[in-house]
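Notes follow the structure.
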Amino acid sequence: MLKIGEFSKLSRLTVRRLRSYDEAGLLRPASIDPFTGYRYYSESQLPTANRITALKDMGLSQPAIRQALQCWEDPAALERFLLAQRDAAQEEAARAARRLRLLDTAIDRLRKDEKQMKYDVTIKTIPERYVASVRMVIPSYYREGDLWHIYCQETARMNIQDGDPVFCLAVYHDGEFKDSDVDVEIQKTVAGTYQDTEHVKFKTVPAVEVASATFQGSYEQISDVNEAVTAWVNDNGYAFAGLFFNIYHVSPHETRNPDEFVTEVCYPIRKR
């Protein structure tokens, strides 16, 4: 029998770690002196100690090491367990690679253009929603309010209930900036079902994954925000996958002070 210090030297595990493994039930001493409390180990436990070290080097937690040891004598079960651990490690590596890519992109953006760092770009999913929609070709983007006026006018007596969450947004169907005759659709999430009116159409819009940036202040910032989001999409391995749209969290309907506007610029995306 080996004292804990002697076993520590042979197994290359510190005394503190051996005590930890004892408490975790991974490697119990072969015997404990009932009078002194000294731990004694057997040379036959060295292979188990080496297995624990090998599993720890694979990044396994103590509960996972315990599970691996329990199926060590069953090669098929052990292989299944290790394959599952490898899949988890690959997912973790992918997440780490994404974090590194985001950090590298942020550093690169900061070095190229500090203005872009004013806007934080994130990926999110806009959920499926039932909306009231008005789509028309209008003289310019500044006339978007005409569409909201039409919506309010034609639904004034319909007792329409807001959706949860409620999104008020504008979709730009041209896919590019235009000086005039722009194809714009406004949407507002609603609850319940309603009959279409002359210009207001009710429909279900599918969920969509977007890169988005939210900013506070006047709409004069829109161009800078669009530039920041599109640069982020291009730098992070994504491609555009649909028409961009703006969500108006705080709009001229709630306040006349442009400094209080809160707008979210959204670009549908997909992995390249």
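The values are calculated or read from the model by the stated rules, or taken from the named source; none is laboratory data. In this text, all values refer to a predicted model and were calculated from it rather than measured experimentally. Here the Cβ is made from the backbone with ideal geometry for all residues, glycine too, and neighbour counts use every protein chain on show. Side chains are part of the model used for accessible areas, which takes the heavy atoms of the whole protein and leaves out ligands, DNA and RNA. Shrake-Rupley method; radii C 1.70, N 1.55, O 1.52, S 1.80 Å.
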Residue list for segment 236-265, filter: crowded, with 18+ Cβ neighbours inside 10 Å and more than 22 Å from residue 173 (Cα to Cα): 236, 261
From 191, 156, residue being among the small types (Gly, Ala, Ser) and touching a residue at least 12 places away in the same chain (Cβ under 8 Å): 191
Segment 16-41: number of residues that are closer than 25 Å to residue 64 by Cβ and exposed (fewer than 13 other Cβ atoms within 10 Å of the Cβ): 3
Close pairs from segment 216-230: first over 17 Å from residue 176 (Cα atoms) and in contact (Cβ under 8 Å) with a residue 40 or more places away in the chain, partner surrounded by fewer than 16 Cβ atoms within 10 Å (Cβ to Cβ) and aliphatic (A, V, I, L, M), Cβ under 9 Å, at least 6 apart: 216/250; 216/262; 217/262
Residue check, residue 51 within 21 Å of residue 67 (Cα to Cα), in a loop (DSSP other than H, G, I, E, B), without any contact (Cβ under 8 Å) to a residue 40 or more places away in the chain and open to solvent by 60 Å² or more (accessible area, probe 1.4 Å): no
In segment 210-231, residue farthest from the chain's Cα centre (by Cα) [restricted to those that are closer than 26 Å to residue 162 by Cβ and surrounded by fewer than 17 Cβ atoms within 10 Å (Cβ to Cβ)]: 218
Lone unmet requirement of (1) assigned to a helix (DSSP H, G or I); (2) touching a residue at least 40 places away in the same chain (Cβ under 8 Å); (3) closer than 30 Å to residue 223 by Cβ; (4) of a type in the set (Asp, Glu) for residue 183: (1)
